Amino acid sequence: DTEVTQTPKHLVMGMTNKKSLKCEQHMGHRAMYWYKQKAKKPPELMFVYSYEKLSINESVPSRFSPECPNSSLLNLHLHALQPEDSALYLCASSQPGTGRWYEQYFGPGTRLTVT
Amino acid sequence: DQQVKQNSPSLSVQEGRISILNCDYTNSMFDYFLWYKKYPAEGPTFLISISSIKDKNEDGRFTVFLNKSAKHLSLHIVPSQPGDSAVYFCAASSLIQGAQKLVFGQGTRLTINP
């Protein structure tokens, strides 16, 4: 099973709402990632969790709050977003400490629209 | 500054011929390079990778070549098939603070014509 699942598939939220994106993998991977992808642009790294600890925060605004409750689950909590935060949010996972630690497996993404 | 560049936004190739996608990078600290394929409304799918200490890696119809002195890599697809039509991203990996960071190029849209 090389699947990373993300819910919801689509999300529309107002600027005063609080919502969460969810990502799950059952491959036993111990590194999980959040990326943001705007239209016609490459994915941009936001956060990296390694062994459930936040390892990298790419200077993301505090209105995005990641959480890794366990080794197979990754959440992204959203609060007071701006319209320019509308994008495809991608989750990925990989297995550090193995021969192929550099291969990341991506979920299908959540298409977020902020109104 | 863009550390990974794909200078061709699009490429059109006849079915059965070779597709060559190119990628340039600037950071000598990258240790692995990867190619991902992306269909609309889906996440990127891992295709093939190469270590910075190798110059070639082959997997079926896909071959990646790395020229470290030129900081250039390319993906060859032979023979090209209609199902190969997608956006292809080149990505470069480095270890930062004990975690892996991937930097993506802008992508090249490949269209295979029947």
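Report yes if A:Ser55 is at pLDDT below 95, more than 25 Å from B:Tyr39 (Cα to Cα) and within 15 Å of the chain's Cα centre (by Cα), otherwise no. Against the criterion (at pLDDT below 95, more than 25 Å from B:Tyr39 (Cα to Cα) and within 15 Å of the chain's Cα centre (by Cα)), A:Ser55 qualifies. Of the candidates B:Ser74, B:Ser93, the single residue that is at pLDDT 95 or above, open to solvent by less than 40 Å² (accessible area, probe 1.4 Å) and touching a Ser or Thr at 6+ places or on another chain (Cβ under 9 Å) is B:Ser74. Examine the range A:20-27 for a residue that is within 24 Å of B:Lys37 (Cα to Cα) and polar (S, T, N, Q), and state whether such a residue exists. Scanning the range A:20-27, I find at least one residue that is within 24 Å of B:Lys37 (Cα to Cα) and polar (S, T, N, Q), so the answer is yes.
B:Ile50 fulfils the conditions (1) outside any strand (DSSP E or B); (2) of a type outside the set (Ser, Thr, Tyr); (3) farther than 25 Å from A:Asn57 by Cβ except for a single criterion, (1). Checking each residue in the range A:40-68 for being surrounded by fewer than 17 Cβ atoms within 10 Å (Cβ to Cβ), within 11 Å of chain B (Cβ to nearest Cβ) and either of a type in the set (A, V, I, L, M, F, W, C) or more than 21 Å from B:Ser94 (Cβ to Cβ) (or both) picks out A:Lys40, A:Leu54.
If I go through the range B:71-103 residue by residue, how many of them are more than 14 Å from every other protein chain (Cβ to nearest Cβ) and touching a residue at least 40 places away in the same chain (Cβ under 8 Å)?
The number of residues fulfilling the criteria is 13.
Collect the residues in the range A:84-115 that are within 14 Å of chain B (Cβ to nearest Cβ), of a type outside the set (Ser, Thr, Tyr) and either in a loop (DSSP other than H, G, I, E, B) or open to solvent by 60 Å² or more (accessible area, probe 1.4 Å) (or both), keeping them in residue-number order. Selection gives A:Gln95, A:Pro96, A:Gly97, A:Gly99, A:Arg100, A:Trp101, A:Glu103, A:Gln104, A:Gly107, A:Pro108, A:Gly109, A:Arg111. When the range A:69-83 is filtered for residues that are over 10 Å from A:Met32 (Cβ atoms) and open to solvent by 30 Å² or more (accessible area, probe 1.4 Å), the ones remaining, listed by number, are A:Pro69, A:Asn70, A:His77, A:His79, A:Ala80, A:Gln82, A:Pro83.
When only residues in the range A:48-83 that are part of a strand (DSSP E or B) and among the aromatic types (Phe, Trp, Tyr) count, which is nearest to A:Glu3 (Cα to Cα)? Step by step, filter the range A:48-83, then rank; the result is A:Tyr49.
The residues listed here are B:Lys38, B:Lys5; of these, the one that is among the basic types (Lys, Arg) and at pLDDT 95 or above is B:Lys5.
Residues in the range A:6-39 that are part of a loop (DSSP other than H, G, I, E, B), within 11 Å of another protein chain (Cβ to nearest Cβ) and touching an Asp or Glu at 6+ places or on another chain (Cβ under 9 Å): A:Arg30 alone.
Out of B:Phe33, B:Phe62, one residue alone is of a type in the set (Phe, Trp, Tyr), open to solvent by less than 40 Å² (accessible area, probe 1.4 Å), within 19 Å of A:Glu44 (Cβ to Cβ) and touching a residue at least 24 places away in the same chain (Cβ under 8 Å). It is B:Phe33. The test for being over 28 Å from A:Trp34 (Cβ atoms), open to solvent by 10 Å² or more (accessible area, probe 1.4 Å) and in a loop (DSSP other than H, G, I, E, B) does not hold for B:Pro40. The residues listed here are B:Ala99, B:Ala91; of these, the one that is hydrophobic (A, V, I, L, M, F, W, C) and over 12 Å from B:Trp35 (Cβ atoms) is B:Ala99.
The values are calculated or read from the model by the stated rules, or taken from the named source; none is laboratory data. Owing to the predicted nature of the structure, the values given are computational and were not obtained by experimental measurement. For neighbour counting, all protein chains shown are included, and Cβ atoms are generated from backbone atoms with ideal geometry for every residue, glycine included. Ligands, DNA and RNA are excluded from the accessible area calculation, which covers all protein heavy atoms including side chains. Shrake-Rupley method; radii C 1.70, N 1.55, O 1.52, S 1.80 Å.
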